[in-house]
Amino acid sequence: MSIKLPQDSHMLTPSFIYGVATAAFQIEGANNIDGRLESIWDRFCQQPNKVKNNDDGSIACDHYNLWQEDIQLIQSLGVDAYRLSISWPRVIQQDGTLNPLGVRFYEQILTALRNANIKTFVTLYHWDLPQHLEDKGGWLNRETSYKFRDYTHLITTELAEYVDSWATFNEPFCAAILGYELGIHAPGLTEPKYGRQAAHHILLAHGLALPILRQNVPNAQIGIVLNMNKSYAASAKAEDLFAELMRETLDNQFFIEPLMKGQYPQILNTVAPEYVPAMILEGDMEIISQPIDFLGLNYYTCNHNKFHTSNLFSNVKNTQEVEYTDIGWEIAPHAFEELLVNLNKQYDLPPLYITENGVACADTLINGVVDDEQRIRYLHDHINAVNNAIDAGVDIRGYFAWSLMDNFEWAEGYSKRFGLVYIDYQTQKRTIKRSGKAYRDFLLNRNHIHQQ
Ligand code: FCB
């Protein structure tokens, strides 16, 4: 099994960027070293039974200490780019000034990547809000949006020269809805009105940061990363089609429409006004919808929806025989292609990057080998889905596999493995899985094809 594309694919030309992705809290560990402040995820992990096995991020992949080895790993995979995030509580102190030790950590990493000729895609917020800001209301407090703008200003001034692409936020849906509406992620609140207000303040923070980024990093690309799953109806019944529409509206359109069109989905005003953010000040939507250079999309799976009288929709399993991953997500590359093609019809999109795509497998290390055939197939099928979308006219410029290595999978702790590289959490030994080798061979081959 290998990863392959048609010989004439645009995705084999050198301008198409391939990378691997990680996020600070999921790999760094060292969460109270060198002046790093507490984050909402540190606090969430301390509450019993919020995270599987009560795992926490105190060690994770020990990347804070092993970053040099990890950059060699990235290099050995032959990728063009690395997507990482900066931990806000590591680089900004309680008084709002920079923490030089935290800044130094990222400066070293970014310098090493530059020296290795690897492009850097940096996300400013991958869910690790400083706890002291949560204590004042977190993303329910409009002030936090201004704090994000200040953090952006300070850190981009320091790191401007090292970074090719800046994303303000990773997946506002997860940060706001899983965190403040469904209670699955930190800080663990559970009201629609909280989730939607938090989402508005996150989008506002994105918009407030844009002019700062334009000024501080004029040569870099600037954008945001959204996650999207493709929604389907559980049956052809009209009420299930309604459920599909509501799921699509609440999960996807709620985030992309304000960015692209400066409004929340109008349908919510009539059908589900409780999902419209209560506090939108004049001018907010203009701030949110300023132009961006790229939109990052993270895709993993699709979902099926049945009408539900009190929830608008309920999530059900596909009635067809389909394959699921170790985290229970349906494998649906066709849905990925459909999603991309639809979005391109719905909006006048900026260039897209697939900033995350990958799969959790029940990987085992046997005699030094991790034989993750399912992941190779997944990557092959999804890379080809991207290729089909490009053929259908969607402007996609890059693809990042999630993830470089196994890591702290949020509420699932260390129980779910998404890496191209296997982590033995006892010894911190890294082993490239068969999928990592397949990705590397695919990238090597691409260079050969190009050189011919
Ligand atoms: C995405 C997150 C990423 C990782 C993958 C599996 O929602 O952005 O951090 O956890 O899911």
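The values are calculated or read from the model by the stated rules, or taken from the named source; none is laboratory data. Owing to the predicted nature of the structure, the values given are computational and were not obtained by experimental measurement. Note that we place each Cβ from the backbone using ideal geometry, even for glycine, and neighbour counts take in every protein chain shown. Just so you know, the surface numbers come from the protein's heavy atoms only, side chains and all, with ligands and any DNA or RNA stripped out. Shrake-Rupley method; radii C 1.70, N 1.55, O 1.52, S 1.80 Å.
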The answer for R417, listing residues at least 5 apart or on another chain whose modeled amide H is closer than 5 Å to its amide H, is C361, D363
Whole-Hz Karplus couplings 3J(HN,Hα) for segment 274-289, θ = phi - 60° and coefficients 6.51, -1.76, 1.60, Gly and Pro as x, run 5, 9, 8, x, 6, 10, 10, 8, 4, x, 4, 5, 5, 4, 5, 9
Counting only residues 5 or more apart in sequence or on a different chain, those whose built amide H sits under 5 Å from that of A401 are G19, V20, A21
Given a Förster distance of 41 Å, the FRET efficiency implied by the Cβ-Cβ spacing of E323 and L101, rounded to the nearest 0.05, works out to 0.35
Any DSSP H helix in the chain with Cα axial reach of 18 Å or more and mean Kyte-Doolittle score of at least -1.0? Listed by number, the hits are 63-76, 100-115, 143-159, 192-216, 333-346, 373-391
Of E274, E244, E330, ordered by accessible area with the largest first and a 1.4 Å probe, the sequence is E274, E244, E330
CD proxy, 222 nm, the chain: helix-only mean residue ellipticity via -39,500 (n - 2.57) per DSSP H run with n ≥ 4, per residue, nearest 500, stands at -11500 deg cm²/dmol
Of the convex hull enclosing the alpha-carbon atoms of segment 10-451, the direction-averaged projected area in nm² is 20.3
For segment 361-371, in residue order, the Karplus 3J(HN,Hα) values (coefficients 6.51, -1.76, 1.60; θ = phi - 60°; whole Hz; Gly and Pro = x) are 10, 7, 6, 10, 9, 10, 6, x, 10, 10, 9
Among segment 315-329, those whose backbone N falls under 20 Å of a label point 7 Å along Cα→Cβ from L241 are 315-316, 319
FRET efficiency (E69, I184; Cβ distance; R0 22 Å; to 0.05) is 0.10
Taking a probe of 1.4 Å and leaving out DNA, RNA and ligands, the chain shows per residue an accessible area in Å² of 39
A student asked for the Cα radius of gyration and Dmax of segment 272-324 in angstrom ought to give 17.7, 49
With every protein chain in place, the accessible area of R43 for a 1.4 Å probe, in Å² rounded to the nearest 10, comes to 90
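So, with a 1.4 angstrom probe, what is the percent of accessible area on segment 10-451 that is carbon and sulfur?
So the carbon and sulfur contribution to the accessible surface is 49 percent.
Mind ordering 168-175, 318-325, 301-308, 425-432 by average Cβ neighbours within 10 Å, highest first?
Listed from highest to lowest mean packing, they are 168-175, 301-308, 425-432, 318-325.
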Spelling it out for T123: with amide H atoms placed in the peptide plane at 1.01 Å from N, the residues 5 or more places away or on another chain with amide H under 5 Å from its amide H are L84, S85, I86, A167
Using alpha carbon centers only, segment 8-65 is separated from segment 162-221 by a whole-angstrom value of 17
Sorted by accessible surface (1.4 Å probe, heavy atoms of the protein chains only), largest first, W67, W88, W329 come out as W329, W67, W88
